[in-house]
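The values are calculated or read from the model by the stated rules, or taken from the named source; none is laboratory data. What you are looking at is a predicted structure, and each value in this text was computed from that prediction instead of being measured. Virtual Cβ from ideal backbone geometry, glycine too; neighbours counted across all protein chains shown. Just the protein is used for accessible areas: all its heavy atoms, side chains included, with ligands, DNA and RNA removed. Shrake-Rupley method; radii C 1.70, N 1.55, O 1.52, S 1.80 Å.
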Amino acid sequence: MNTTQVKPFSKDILHLENIEAVCDRIAEKLRKDVGQTLQRRGGVVGISGGIDSSVCLALSVKAFGPEKVTGIMLPEQDSSGDSKSLALKLAAKFGVETLEENITGALEGFGCYRRRDEAIARVVPDFDPAVDKSKIEIKQDISKNIPAIFSITVIKPDGEVISKLLPAKEYLQIVAATNFKQRTRMSMLYYHAERLHYAVIGTPNKHEVEQGFFVKYGDGGADVMPIGHLYKTQVYQLARHLGVPQEIIDRTPTTDTYTAEQTQEDFFYQLPFAEMDLIWYGWENQYHAGEVGEVMGRTAQEVENIYKSFERKKKTTEYLRMRPIF
Amino acid sequence: MITAVDTKNKVKEYIIKNTLANVSQIEDDTLIFETGLLDSMGLLFLIEFLKEEFGVETHDEELVVENFESINSIVAFLESKR
């Protein structure tokens, strides 16, 4: 099939050729944005042991120097156990000071866990938050051209899995309650940023920003987002180049929000990152679905349906990227 | 007894009311997702409406575009569940 663009679509199309120059450019821009535009003297980064925050911390160190970067760990009772050890390893590697702020108490004050668990129990009556694990996920196939609907999955201690479609009221309450986590983290990051006269370095990548996989005024609340223009596979490329610890690179990205283990793919994206990056690139650069499908081993119709899903997600989440209207 | 015509009118009325759409925009075969009338939250609310109004529960495996893409498809889905 003939290409519809100047550059033929290929699996290497997103590969960054001169990674050193890319990192230098981002660091230079970060230095200028924080130092001149925002008039701050360094940066705080919330570090979770995930790939995005790790790359942001490494870029911040490159931009400001390690003495002007503070890594802040913000665990709560549902956080994964290895988040802290990975975050500490990262900070040690880049020579950055860390602080730990456990936000469980603040979340209890907001009623985060209680409100979430009440909503889950209305759908799964024998849900016991003391021993059961839970998560919400999208089960539909992204290539089938229907808007995403969330299900609740409860995992009992004996391994029994109960999964039900979430009614609107319960879905909205669960999301609203768990969003306290990201918003509390944002408040704590700003506390430290203001205390130090630093900027808050936001960690969302291009997919999170454009598909709306962030919480408004939560992890979407930051002063600067140095990887907001990078595809996930490019973030991994930067991680390898910048020397992010291998355990962090090898770790499957999770939401670290629900008690049951939950990958970002299950929760939101419905596609593996490598595939999503390429098809998203094809979509935003108007590559013909047939050409993309040929490279990705999918039919043109499937790619067309994934394009429509991207379009829907972008449109549905426009509200998250909007500033207050006045 | 509720006829297919009654069902169609109720579904149509629901969609018009809840999308604030102009009546003339919505035909029985208008593709409600493709045209952006409903998004994922819209679909979720629609599923609730079908349960409350017609007592029809939607299961995981029935969440396919063929059952919800237009007023005609929704009515056919409801009829198949009677």
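Restricting A:S151, A:S187 to residues that are away from chain B (no Cβ under 14 Å) and either within 27 Å of A:G50 (Cα to Cα) or free of Cβ contacts under 8 Å to residues at least 40 places away in the same chain (or both) narrows the list to A:S187.
Within region A:220-251, the set of residues being in contact (Cβ under 8 Å) with a residue 60 or more places away in the chain, in a loop (DSSP other than H, G, I, E, B) and buried (at least 18 other Cβ atoms within 10 Å of the Cβ) comprises A:G220, A:D223, A:P226, A:I227, A:Y231, A:V244.
Taking A:S53, is it among the hydroxyl-bearing types (S, T, Y) and at pLDDT below 95? The answer is no for A:S53. State whether the residues of region A:263-271 include one that is modelled with pLDDT of 75 or more and farther than 23 Å from A:T104 by Cβ. So far as region A:263-271 goes, yes, one or more of its residues are modelled with pLDDT of 75 or more and farther than 23 Å from A:T104 by Cβ. Count of region A:154-165 residues, restricted to those that are of a type in the set (D, E) and either crowded, with 16+ Cβ neighbours inside 10 Å or facing chain B (nearest Cβ under 8 Å) (or both), is 0.
Residue count for region A:128-153 under the criterion of being modelled with pLDDT of 95 or more and either closer than 20 Å to B:D60 by Cα or in a strand (DSSP E or B) (or both): the result is 0. Restricting region A:95-113 to residues that are part of a helix (DSSP H, G or I) and either within 14 Å of chain B (Cβ to nearest Cβ) or touching a residue at least 60 places away in the same chain (Cβ under 8 Å) (or both), the residue that is most open to solvent (accessible area, probe 1.4 Å) is A:F110. The residue pairs whose first member lies in region A:304-326 and is away from chain B (no Cβ under 11 Å), whose second member is in a loop (DSSP other than H, G, I, E, B), and whose beta carbons are closer than 6 Å, counting only pairs six or more residues apart or on different chains, are A:L320/A:G212; A:L320/A:K216. Counting just the residues of region A:273-294 that are surrounded by 20 or more Cβ atoms within 10 Å (Cβ to Cβ) and aliphatic (A, V, I, L, M), which one comes out farthest from the other protein chains (Cβ to nearest Cβ)? Residue satisfying both the conditions and the ranking: A:L278.
Every listed requirement among (1) surrounded by fewer than 19 Cβ atoms within 10 Å (Cβ to Cβ); (2) assigned to a helix (DSSP H, G or I) is met by A:Q39 save one, (2). Among the residues of region A:166-185, those identified as open to solvent by less than 40 Å² (accessible area, probe 1.4 Å), assigned to a helix (DSSP H, G or I) and not hydroxyl-bearing (S, T, Y) are A:A168, A:E170, A:I174, A:V175, A:A177, A:N179, A:K181, A:Q182. When the test is whether a residue is farther than 24 Å from B:M41 by Cβ, open to solvent by less than 20 Å² (accessible area, probe 1.4 Å) and either within 12 Å of chain B (Cβ to nearest Cβ) or of a type in the set (D, E) (or both), A:D128 does not pass it.
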